[in-house]
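Engineer: Input: one structure, supplied below.
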Amino acid sequence: MKDSQGQVLYVGKAKNLKNRVQSYFRASNNHSPKIKKLVKHLRDFDYILTDTEFEAFMLECQLIKSIKPLYNRMMKSPQSFIYISISLTGNHRKIDIAFNPTENDSKVYFGPFTSRRNVERALQGFKECFKLNCSNPNGLNSACLNYSLGSCLGRCLGGHVEQQYNDILDKFIGFLKGTDRSILEDMNQMMLNASEAFDFEAASAYRDHIQAVSSLLKKEKVIEFTEENHNIAAIERLTDSSIKLFLMKRTEILFSHSYAAAHSKKEKIKANILTYFKDEENAAGDISRHEIDAAHIIYRYLHSGSCSYLLIPESWLESENHSTLDLALEDLLNSPQHLQPPILNE
């Protein structure tokens with residue numbers, strides 16, 4: 001959707017373009033102020049036809065990412081995904097949640113997480129266990145209220161406690177990176193001490209805090225799947241006599257093509273697999289916030305029943321294992337539509 005100057009205002013998708021466009025001009029009383037404002041500035045449309053719904057989702061995602069239309073930004077919740085941020089410098093380092101990580105801002109970020117409630121519960125449990133709830137961290141040698149209540153180490157008083165506080169944060173950073181489990185060990189010891197002192201209420205609270213903090217290491221399936229950086233070949237049937245092939249890695253479609261008489265095209269499909277996956281660099285690693293929308297689209301597509309797909313190990317791309325790739329492609333092309341094909345082991 002464009003304004004009178006040709007600037008793209010909004011990018012969307014529709015199975016029925018006519019109905020989608022008309023919906024913006026009907027029942028305007030029910031539209032949000034943002035939609036009303038969009039329609040007021042709307043002067044022209046462009047459209048792109050795709051073979052599949054999956055392509056429409058991916059194209060929409062790509063265009064929004066590259067063009068950054070005003071109304072797509074306005075209509076998308078900035079709190080879809082959240083991160084844990086920990087400052088690395090200064091006398092009063094802080095642990096918090098963030099929605100838009102900023103590069104080179106002297107903070108380290110962990111995430112993305114999809115449940116703000118779970119993250120807040122974990123951080124609160126962590127702070128309660130280690131008495132990090134200082135209500136006056138910038139105070140000058142003046143004890144805060146939480147210190148008198150026993151929920152603050154005393155960082156408000158300065159001195160060696162400030163270093164103790166920072167050491168705990170460093171351990172927590174190591175925990176979130178997966179390199180230091182001592183935070184959980186310390187929390188377990190607190191629970192054991194409370195239990196041995198017959199303070200079962202406190203022991204129960206420590207148990208809940210341990211579970212909440214441990215949950216921060218459990219990644220969503222979609223994120224874990226994407227970070228494994230699979231070589232993915234997916235086939236969707238377009239008609240009784242044609243298919244669409246997608247070769248994907250991480251959050252990118254490397255190649256797509258329509259084929260008629262699929263079985264006679266097995267060698268061409270194999271050649272494309274060897275070309276596009278062998279030339280692709282290994283990009284395994286943490287998923288960024290810029291990738292997460294595309295990651296969700298690909299993951300949902302592979303598990304929607306709309307396609308059959310194959311995960312191709314790197315070893316199958318070696319010449320001595322091409323026969324294994326041949327068998328896997330044969331299974332893929334023979335698999336009934338809407339059923340996931342068997343995934344062969346290396």
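The values are calculated or read from the model by the stated rules, or taken from the named source; none is laboratory data. All values derive from a computational prediction rather than experimental measurement. FYI the Cβ positions are ideal-geometry reconstructions off the backbone, even for glycines, and counts take in every protein chain you see. Protein only, heavy atoms only, side chains kept; ligands, DNA and RNA dropped before computing areas. Shrake-Rupley method; radii C 1.70, N 1.55, O 1.52, S 1.80 Å.
Engineer: What nm distance separates the two modelled labels at N166 and T179, each placed 7 Å from Cα along Cα→Cβ?
Structural biologist: Computed distance between label sites N166 and T179 equals 1.8 nm.
Engineer: Next question, about the same structure. Go through the stretch 71-161 and name the GluC sites (Glu not before Pro) that are in a DSSP coil and have 16 or fewer other Cβ atoms within 10 Å of their Cβ.
Structural biologist: Of the GluC sites (Glu not before Pro), the ones in loops of the stretch 71-161 whose Cβ has at most 16 other Cβ atoms within 10 Å are E103.
Engineer: Same structure, new question: Want the number for E128 to S215: 0.36 nm per residue separation, take away the alpha-carbon distance, what's left?
Structural biologist: Contour length minus the Cα-Cα distance gives 29.7 nm.
Engineer: Can you give me the accessible area per residue for the chain, using a 1.4 Å probe, in Å²?
Structural biologist: For the chain, the per-residue accessible area is 57 Å².
Engineer: So which aspartates and glutamates can K37 reach, going by Cα to Cα under 13 Å and dropping same-chain residues fewer than 8 places off?
Structural biologist: Correct list for K37: D3.
Engineer: Continuing with this model, one more query. Take the alpha carbon atoms of the stretch 127-184, find their radius of gyration, then divide it by 2.2 N^0.38 Å using N residues; give the quotient.
Structural biologist: 1.18
Engineer: PRE reach from M74 (point 7 Å along Cα→Cβ): which of the stretch 23-63 fall under 12 Å by backbone N?
Structural biologist: Residues 32-42 fall inside that zone.
Engineer: I've got another one for you. From the residues L311, N133, L38, which one has its Cα farthest along the dipole of the chain in the positive direction, the dipole being from +1 and -1 charges on Cβ of Lys/Arg and Asp/Glu about the Cα centre?
Structural biologist: Towards the positive end, the residue furthest out is L38.
Engineer: Further question on the same structure: What distance in nm separates the simple spin-label points at D3 and I67, each placed 7 Å from Cα in the Cβ direction?
Structural biologist: 1.4
Engineer: How large is the charge dipole for the chain, taken about the Cα centre, if only the Cβ atoms of Lys, Arg (+1) and Asp, Glu (-1) carry charge, to the nearest 20 debye?
Structural biologist: Computed about the Cα centre, the dipole is about 2060 debye.
Engineer: Now for a separate question. Counting other Cβ atoms within 10 Å, which trypsin sites (Lys or Arg not before Pro) in the stretch 215-319 have at most 12 and lie in a DSSP loop?
Structural biologist: K218
Engineer: With all pairs of different alpha carbon atoms counted, what Kirkwood hydrodynamic radius in Å does the stretch 1-151 show?
Structural biologist: 19.7
Engineer: Moving to a separate point now. Report in % the part of the accessible area of the chain that belongs to carbon and sulfur, leaving out ligands and nucleic acids; probe 1.4 Å.
Structural biologist: Roughly 49 percent, rounded to a whole number.
Engineer: Right, next: If R₀ is 35 angstrom, what is the calculated FRET efficiency for the pair N136 and D105, using the beta carbon separation as r and rounding to 0.05?
Structural biologist: Once rounded, the FRET efficiency stands at 0.90.
Engineer: Right, here's the next one. Kindly provide the pair-distance distribution of the stretch 82-229 built from C-alpha pairs, with 10 Å bins from 0 and whole-percent values in order of increasing distance.
Structural biologist: 11, 36, 37, 13, 3, 0
Engineer: Any chance you could run the full-extension gain for F198 through K268? It's 0.36 nm times the residue separation minus the Cα-Cα distance, nm to one decimal.
Structural biologist: 18.1 nm
Engineer: Continuing with this model, one more query. Hey, which of these cross-link pairs are over 22 Å Cα-Cα: K68/K244; K131/K219; K15/K249; K177/K219; K15/K40; K94/K219?
Structural biologist: From K68/K244; K131/K219; K15/K249; K177/K219; K15/K40; K94/K219, over 22 Å: K68/K244; K131/K219; K15/K249; K15/K40; K94/K219.
Engineer: Also, quick follow-up: Given q = 0.08, 0.13, 0.14 Å⁻¹, what are the Debye log10 I(q)/I(0) values for the chain, with equal point scatterers placed on the Cα positions and solvent ignored?
Structural biologist: -0.60, -1.07, -1.13
Engineer: Here's a follow-up. Calculate the FRET efficiency for L145 and S23 from the Cβ-Cβ distance with a Förster distance of 56 Å, rounded to the nearest 0.05.
Structural biologist: Rounded to the nearest 0.05, the efficiency is 0.55.
Engineer: Next question. Mind checking which of E252, E320, E53 has the largest fluctuation in a GNM of the chain, springs on alpha carbons under 10 Å?
Structural biologist: Judging by the Gaussian network model, the answer is E320.
Engineer: Which whole-percent values make up P(r) of the stretch 1-89 when all C-alpha to C-alpha distances are grouped in 5 Å steps starting at zero?
Structural biologist: 2, 11, 19, 22, 19, 11, 5, 3, 3, 2, 1, 0
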